Amino acid sequence: MIKNIIGESIMGSITIVKKIKLVHSNCMVLVKIGNFYHVFSKDAYIISYLLNYRIKLMENVPCCAFPVVSLRKVEAILENNKIDYLIVDKRNNYEVEEQQWNKKDNRYERVFKKAYISVSYTIRIQKIYDQLMQEKDKENIVEKLEKIERILKK
């Protein structure tokens with residue numbers, strides 16, 4: 001039941017963020033939901049890339065979340081990378097609580113392009129790792145590992 005409520009809350013937030021992004025397409029939107037800030041889609045790739053937070057898929061939408069206590073650290077990193085952002089709170093009807101504009105120096109798209117490539121590789125590597133871990137007790141794991149090791153030594 002609680003998981004369904006959280007899921008509905010996230011889906012509603014994704015819809016609101018999509019509307020905000022129609023006006024502020026090159027701007028990170030951080031949504032406070034309870035004790036966490038959430039970012040979605042392209043923003044999730046940027047946060048994952050800059051802070052090494054893990055991306056999860058919520059209804060096929062990439063999502064990253066971090067605790068409220070980490071907000072100042074996240075803001076500092078966004079500001080150092082010249083990424084525009086808005087902070088909204090679900091409880092306050094998604095009103096903008098804080099914002100940072102870099103005007104013409106906004107590097108949102110440049111950082112996203114790097115982030116997308118890097119995070120996509122990380123996700124692929126994680127999938128390979130997960131698959132290998134599932135097969136670690138099978139007899140043919142040694143030959144699979146040896147093949148991978150030969151490839152990596154090239």
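The values are calculated or read from the model by the stated rules, or taken from the named source; none is laboratory data. From a predicted model like this one, the values you see are computed outputs, not experimental measurements. Don't worry about glycine lacking a Cβ; one is built from the backbone with ideal geometry, like all the others, and counts go over all protein chains shown.
Of everything in the range 42-53 that is surrounded by 13 or more Cβ atoms within 10 Å (Cβ to Cβ) and out of contact with any strand residue (DSSP E or B) (no Cβ under 6 Å at 6 or more places or on another chain), the residue that is farthest from Q126 (Cα to Cα) is K42.
Taking the condition part of a helix (DSSP H, G or I), closer than 20 Å to K19 by Cβ and of a type in the set (V, I, T), does I46 pass? Judged against the criteria, I46 is a match.
Would it be correct to say that K82 is of a type in the set (D, E, K, R), in contact with a helix residue (DSSP H, G or I) (Cβ under 6 Å, 6 or more places away or on another chain) and more than 22 Å from S13 (Cα to Cα)? So K82 fits the description; yes. Scanning the range 7-55 for residues that are polar (S, T, N, Q) and under 14 Å from the mean Cα position of the chain (by Cα) yields a count of 3.
Residue-by-condition table, conditions (1) in a loop (DSSP other than H, G, I, E, B); (2) out of contact with any Phe, Trp or Tyr (no Cβ under 8 Å at 6 or more places or on another chain):
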| residue | (1), (2) |
| --- | --- |
| N26 | yes, no |
| V31 | no, no |
| H38 | no, yes |
| Y53 | yes, no |
| L57 | no, yes |
| A65 | no, no |
| V69 | no, yes |
| V74 | no, no |
| L78 | no, no |
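If you go through the range 83-106 and keep only what is buried (at least 16 other Cβ atoms within 10 Å of the Cβ) and not in a strand (DSSP E or B), you end up with I83, D84, K90, Y94, N102, N106.
Please pick out the residue among I141, I148, I55 that is modelled with pLDDT under 95 and touching a Pro at 6+ places or on another chain (Cβ under 6 Å). Answer to the selection: I55.
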